[in-house]
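A short worksheet on the structure shown next.
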Amino acid sequence: MKEIKITTEVGKFSIFKFNCVESTQTMAKELYRRYSYDAFVVWAERQLEGRGRRERRWHSPKGGLYFSLFQKDLGDLRSPQLVSLAAGMAIRNGLKQFCNISCELKWPNDVLYQERKLCGILSESAIYGQKIHYAIVGVGINVNTDISELPCEVRDKATSLKDIIGLELDLNELLSVSAEEVFKWLSFLKTDNGQKKVIESYKNHCVTLGSQVSVYLDNETISGLAVDITEEGALQVLAAGETLLFATGDVVHIRRDDI
Ligand code: BTN
């Protein structure tokens, strides 16, 4: 494994940089086994087997920002789902700081710009009882990505920072801002009040709320109105007069003209 270890200027965390890995998620687990650091970041220019949610592939051509952030001991969480919501808020804030764009959050963990997917987040946690022993937050942002290099089923719904802003951006700088924000938002989860703050902030920027949605589960699809996000981070949907809770699932926002 050939890596360059970069230590950030502020000296808060180490970044392991690779040209190409299978997946930064897998590499983060491997580096934890090797070094036992409490917090670090793995960054790769390309991934050969990038992983998305629900066993999907995350295509990772050059130009995108692909990193996994490892954080040990998050403490007692109402639900591991809060890790994804905190990460979504962190990336939203990072993008606002870095290039002054306002993104929306789609439950549970997509970051959209004008309804198109700009960033995907995959959170994996090791849990003992209620305690999060460690969390690995994987972030893929289409930065200088040529959208035509993505598979067609993804291409139509995706966008990149290059297309939004009209110029190429420095991946190194965006990584520093984003990773700092993710560490900060994960640290909020250590207290009960912090967990409430994460949920409230997430709800303020979540475009899923108030939308007609279809939730795709393993064996069925349920359609209804997304009305709330619980303190555990679950989506509450009003469907056929019943209130249903979803801890996970793929959500499609139904546009008014589709109804
Ligand atoms: C999704 O929207 O399905 C989540 C995509 C997460 C992709 C990132 S890229 C960095 C990290 N490494 C992976 O293999 N996946 C995540």
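The values are calculated or read from the model by the stated rules, or taken from the named source; none is laboratory data. Values in this document were obtained by computation on a predicted structure and should not be read as measured data. Please note: Cβ atoms are built from the backbone with ideal geometry, for glycine as well, and neighbour counts cover all protein chains shown. Side chains are part of the model used for accessible areas, which takes the heavy atoms of the whole protein and leaves out ligands, DNA and RNA. Shrake-Rupley method; radii C 1.70, N 1.55, O 1.52, S 1.80 Å.
Structure summary
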item: Any hit, the stretch 159-169, residues being exposed (fewer than 14 other Cβ atoms within 10 Å of the Cβ) and of a type in the set (K, R); result: no
item: Selection from the stretch 204-214 of residues that are part of a strand (DSSP E or B) and among the β-branched types (V, I, T); result: V213
item: Filter result for the condition that a residue is crowded, with 24+ Cβ neighbours inside 10 Å, in contact (Cβ under 8 Å) with a residue 40 or more places away in the chain and hydrophobic (A, V, I, L, M, F, W, C), over V177, V139; result: V139
item: Odd one out for N193, checked against (1) in contact with a Leu (Cβ under 7 Å, 6 or more places away or on another chain); (2) open to solvent by 70 Å² or more (accessible area, probe 1.4 Å); result: (1)
item: Within the stretch 53-70, considering residues that are closer than 24 Å to S176 by Cβ and open to solvent by 30 Å² or more (accessible area, probe 1.4 Å), the one farthest from the ligand (Cβ to nearest atom); result: K62
item: Some residue of the stretch 16-23 being near the ligand (Cβ under 10 Å from one of its atoms), open to solvent by less than 90 Å² (accessible area, probe 1.4 Å) and under 17 Å from the mean Cα position of the chain (by Cα); result: yes
item: Test: G129 is at positive phi and of a type outside the set (S, T, Y); result: yes
item: Matching residues, the stretch 35-52, being farther than 13 Å from E22 by Cβ and open to solvent by 40 Å² or more (accessible area, probe 1.4 Å); result: Y35, S36, Y37, D38, E45
item: Any hit, the stretch 27-40, residues being near the ligand (Cβ under 9 Å from one of its atoms) and farther than 25 Å from D228 by Cα; result: yes
item: Q130 closer than 26 Å to S79 by Cα, touching a residue at least 40 places away in the same chain (Cβ under 8 Å) and either open to solvent by less than 50 Å² (accessible area, probe 1.4 Å) or in contact with a Gly (Cβ under 8 Å, 6 or more places away or on another chain) (or both); result: no
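Residues are listed down the side, and each one gets a yes or a no for (1) touching a His at 6+ places or on another chain (Cβ under 8 Å); (2) open to solvent by less than 30 Å² (accessible area, probe 1.4 Å); (3) within 16 Å of the ligand (Cβ to nearest atom); (4) under 21 Å from F40 (Cβ atoms):
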site	(1), (2), (3), (4)
S79	no, yes, no, no
A86	no, yes, yes, yes
K96	no, no, no, no
E104	yes, no, yes, no
L112	no, yes, yes, no
C119	no, yes, yes, yes
S123	no, no, yes, yes
